[in-house]
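This report refers to the structure that appears directly beneath it.
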Amino acid sequence: MHNIMSDNIVEIDNLSFGFKGRLLHKGINMVFPRGKVVAIMGGSGSGKTTLLRLIGGQLKPNIGEVRVDGEVVHKQSIDGLYQLRRKMGMLFQFGALFTDLSVFENVAFPIREHTNLPESMVRDFVMLKLNAVGLRGAQSLMPTELSGGMARRVALARAVALDPQIIMYDEPFAGLDPISMGVVCNLIRSLNDALGATTIVVTHDVHETFSFVDYVYFVSGGVVVAEGTPDELRKSDMPFVHQFVHGEADGPVPFHYPAPDYKKEMLRGHDA
Amino acid sequence: MLKGLPKALAGLGNRTIEGIWRIGAGARLFFYIWFYLLESFKRPRLIVREIYATGVLSLLIIVVSAFFVGMVLGLQGYNTLQKYGSSEAIGVLVALSLVRELGPVVTALLFAGRAGTAITAEIGLMKATEQLSAMEMMAVSPVARVIAPRFWAGFISMPILAALFSMVGVLGGYFVAVPIIGVDAGAFWSQMQASVDFRDDIVNGIIKSLVFGVVCTLIALFEGYDAPPTAEGVSRATTRTVVNSSLAVLGLDFILTAFMIGA
C-alpha cells in the first residue's frame, strides 16, 4: 500500500505516542489514500481511538508526525488546526449529539457555524443529509428520544453535513443490532463513494468491516502487526491475524493482563 | 513515624503543584473567555438563553430567601434598637445590611448553589459524553460556544439578582417592622433615604456583586471544563464548585470591604 498509492490524504509517519511514561504507539506508519475506506483494527486498549485523536489534532505525538492533506497536524496554530478540521468529519462512538438540540438542530449546527447560508438553504442541506441516513422523519426528535442506532445515524449526518474530505468513525458498530449494523455498513460505504471522501474506520468487528472496506491495518502492542486487503488478511497465516479474524481465545494476544504468578498471589493472601 | 514523612511531604508537594496548576489553568480559561469576547457577543441569542438558565431560573430562590432574610433582619434589628430607643432606625439597619453585605454575599452563595452547580454538571456531562470533543472536531471552539456565553450570562445576572435580593429584603424588613411591629412607615423610609449613600453603599454593593459574579461563574465553568469525564469526576467537580465559590466569596468580601472602608 505504501508503494502503490501515492495520493494519500492522511499519512502517519513513524508515530510514537504515550503518556505517564507508557508508550501506546511505538513507531506507527500508515497511509490513507484518497477515495478509499480503510479500517484500523485491534483489540480493546490497543490505541485505535487515540490514533483518530492524533489525526484530528486533539493529541500531539511524542515522536513522528501525522500529515493531513500535506500539512503536519501538530505544528498547526489553532486557526490552522481548525482549517484542517473543516476537511474532517468524525463520528464518535456514542454519537456525541448535543443533548440540548433537536435532531435537525444537531445536523444544522456545523452548517450554521461555518457558513452564512440563509435559513431556507440550511434547511435544504439538513433535509438532504437526514434523508441520506433515513431519518428525515425524526428531525424534530430530541437525542434522548433516539435509539442507539438512530443516534449514530444522526451523528453521521452531522459529521458529513459540510461534505468533508475525510470521515472518521470511532467504533461505529458498538452496541448495534444486526439490522442497524448492516444499515451503518452500507451508509459508510455509500457516503464515502457519493462524497468522494476518504474514510477511516476504527473498529474490532471483523466480519462487518471486511465486507465493505478496501484496506485494513491491524494494531497490537503499539505497532502495526499486519496490513492488507480483507481477502489477503482472510488468507493470512500470521498468528495474530488468524486469532483476531477467527476470534480465538488462545494466540499471541494474551487473555490475562500481566500479573504475578496466580498460585503465589493466592497463597500470599493466606500468609497475611 | 519518620518512615511516612517522605510520603506525606511528597503528597503535600503534589497537592501544592496541582493547586498552582489549577489556578493557572483557571486563569488561562479566563483569558480565553476574553479572547472570544467579540465572538460571544455575535451570538446574543446564546447569551440570552444562558441568562434565562442562570438568572431567571434562580429568581425564585433569590426572592424567597431575600424576603425571609429581610424579615429576620427586621426582627433582630428591632429587638436590639428598641433597647436604645431608636427603633425608627430599623429601616437604615435593614437597608445598609442588605445593600452593603447580605445582598451581594447571600446572592453569590445562593447563585453558586443553584446556577453554579448546574453549570458545572452540564459542562462536565458534555465533556463525559464527548460533546465538547465533537465540537472541537467540527472546528468550533467550546470556549467560544459553550463557556463564554455562560460566563457573560453569570456576569450580567449576578448584579441584577443581588439588586433584587436587596430590594425584596427591604420589603421583608418593612413587612415585619411596619405592619406587624408597628414602627412608623414614614420614619422607616425617610431614615433609610437619608442614610443610604449612592456612592458608598449602592455602588460598592454593585461592585461586590460584579466581582462575585465573575468569580462564582468562572469557578463553576472551570470545574466543569476540568472535570474527569466520569460520574464520580462530575460529582466531585460539582461539590468543589460550591465549596470553592463559597470560600472565594467570603474571602473576597473581606478584602473588598477592607478596601472600600479604607477608601
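Can you pull out every residue in the range A:136-175 that is of a type in the set (D, E, K, R) and in a loop (DSSP other than H, G, I, E, B)? Please lay out each step first, then the result.
Applying the first criterion (of a type in the set (D, E, K, R)) to the range A:136-175 yields A:136, A:145, A:152-153, A:158, A:163, A:170-171.
Residues satisfying the conditions are A:Asp163, A:Glu171.
Would you mind listing the helices (runs of 4 or more DSSP H) fully within the range B:93-207 where at least 3 residues are farther than 30 Å from A:Ile78 by Cβ and more than 14 Å from every other protein chain (Cβ to nearest Cβ)? Before you say what the answer is, go through the steps one by one.
Numbers: elements: B:103-111, B:117-128, B:131-137, B:148-175, B:185-195.
Here the list reads B:103-111, B:148-175, B:185-195.
Assuming A:Val126 fulfils every condition listed in (1) surrounded by 18 or more Cβ atoms within 10 Å (Cβ to Cβ); (2) in contact (Cβ under 8 Å) with a residue 40 or more places away in the chain; (3) more than 14 Å from every other protein chain (Cβ to nearest Cβ) apart from one, which condition is it?
Against the list (1) surrounded by 18 or more Cβ atoms within 10 Å (Cβ to Cβ); (2) in contact (Cβ under 8 Å) with a residue 40 or more places away in the chain; (3) more than 14 Å from every other protein chain (Cβ to nearest Cβ), A:Val126 comes up short only on (2).
Out of curiosity, is A:Leu54 within 19 Å of A:Ala159 (Cβ to Cβ), free of Cβ contacts under 8 Å to residues at least 60 places away in the same chain and over 12 Å from the mean Cα position of the chain (by Cα)? Break it down into steps so the answer makes sense when it comes.
Details: within 19 Å of A:Ala159 (Cβ to Cβ): yes; free of Cβ contacts under 8 Å to residues at least 60 places away in the same chain: yes; over 12 Å from the mean Cα position of the chain (by Cα): no.
Answer is no for this residue.
Looking at the range A:38-59 only, could you name the residues that are of a type in the set (D, E, K, R) and away from chain B (no Cβ under 14 Å)? Before you say what the answer is, go through the steps one by one.
Taking the range A:38-59 as the starting set, the residues that turn out to be of a type in the set (D, E, K, R) are A:48, A:53.
A:Lys48, the sole residue that qualifies.
Determine the pairs where a residue that is on the phi < 0 side of the Ramachandran plot, located within the range B:165-186, has a partner that is of a type in the set (D, E, K, R) and exposed (fewer than 15 other Cβ atoms within 10 Å of the Cβ) with Cβ atoms under 8 Å apart, the partner being 6 or more residues away or on another chain.
B:Val178/B:Asp184
The rows are residues; the columns are (1) under 30 Å from B:Glu223 (Cα atoms); (2) of a type in the set (Ser, Thr, Tyr); (3) surrounded by fewer than 24 Cβ atoms within 10 Å (Cβ to Cβ); (4) within 26 Å of the chain's Cα centre (by Cα).
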| position | (1), (2), (3), (4) |
| --- | --- |
| B:Arg150 | yes, no, no, yes |
| B:Gly154 | yes, no, no, yes |
| B:Leu171 | no, no, yes, yes |
| B:Ala177 | no, no, no, no |
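Hey, can you tell me all the residues within the range B:207-239 that are of a type in the set (Lys, Arg) and touching a residue at least 40 places away in the same chain (Cβ under 8 Å)?
B:Lys208
Only one residue in B:Ala118, B:Ala95 is touching a residue at least 12 places away in the same chain (Cβ under 8 Å), over 30 Å from A:Ala161 (Cα atoms), crowded, with 24+ Cβ neighbours inside 10 Å and not basic (Lys, Arg). Which one? Please lay out each step first, then the result.
On the way: B:Ala118 fails: crowded, with 24+ Cβ neighbours inside 10 Å.
On inspection, the qualifying residue turns out to be B:Ala95.
Listed here are the residues, each with its yes/no results for (1) more than 13 Å from chain B (Cβ to nearest Cβ); (2) more than 18 Å from the chain's Cα centre (by Cα); (3) farther than 25 Å from A:Pro172 by Cα; (4) surrounded by 20 or more Cβ atoms within 10 Å (Cβ to Cβ).
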| position | (1), (2), (3), (4) |
| --- | --- |
| A:Arg86 | no, no, no, no |
| A:Asp100 | no, yes, no, no |
| A:Val103 | yes, yes, no, yes |
| A:Arg112 | no, yes, yes, no |
| A:Met121 | yes, yes, yes, no |
| A:Arg136 | yes, yes, no, no |
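Is it the case, given these coordinates, that A:Val160 is surrounded by fewer than 19 Cβ atoms within 10 Å (Cβ to Cβ) and β-branched (Val, Ile, Thr)? Explain how you work it out, then say what you get.
Numbers: surrounded by fewer than 19 Cβ atoms within 10 Å (Cβ to Cβ): no; β-branched (Val, Ile, Thr): yes.
Here the answer is no, as A:Val160 does not meet what is asked.
Go through (1) surrounded by fewer than 16 Cβ atoms within 10 Å (Cβ to Cβ); (2) free of Cβ contacts under 8 Å to residues at least 60 places away in the same chain one by one and return the number of the condition B:Leu59 breaks.
So B:Leu59 meets the others, but not (2).
Considering only the range A:40-47, I want to know if a residue exists there that is β-branched (Val, Ile, Thr) and not in a strand (DSSP E or B). Reasoning before the result, please.
Residues of the range A:40-47 that are β-branched (Val, Ile, Thr), as a first pass: A:40.
Still in the list and also not in a strand (DSSP E or B): none.
Looking for residues that are β-branched (Val, Ile, Thr) and not in a strand (DSSP E or B), one finds none in the range A:40-47, hence no.
What are the residues in the range A:230-267 that are in a helix (DSSP H, G or I), surrounded by fewer than 13 Cβ atoms within 10 Å (Cβ to Cβ) and at pLDDT 80 or above, if any? Break it down stepwise before answering.
Our first condition is that a residue be in a helix (DSSP H, G or I); within the range A:230-267, this holds for A:230-234, A:239-246, A:262-267.
If we keep only those that are surrounded by fewer than 13 Cβ atoms within 10 Å (Cβ to Cβ) as well, we get A:231, A:246, A:262-267.
Within the range A:230-267, A:Asp231, A:Tyr262, A:Lys263, A:Lys264, A:Glu265, A:Met266, A:Leu267 meet the criteria.
Does the range A:87-111 hold any residues that are within 22 Å of A:Ala197 (Cα to Cα) and part of a helix (DSSP H, G or I), and which are they?
Residues satisfying the conditions are A:Asn106, A:Val107, A:Ala108, A:Phe109, A:Pro110, A:Ile111.
Checking A:Tyr82 against (1) free of Cβ contacts under 8 Å to residues at least 12 places away in the same chain; (2) more than 8 Å from chain B (Cβ to nearest Cβ), which test does it fail?
Result: A:Tyr82 passes all but (2).
The values are calculated or read from the model by the stated rules, or taken from the named source; none is laboratory data. Small disclaimer: the values here were computed from a predicted structure and weren't measured. Don't worry about glycine lacking a Cβ; one is built from the backbone with ideal geometry, like all the others, and counts go over all protein chains shown.
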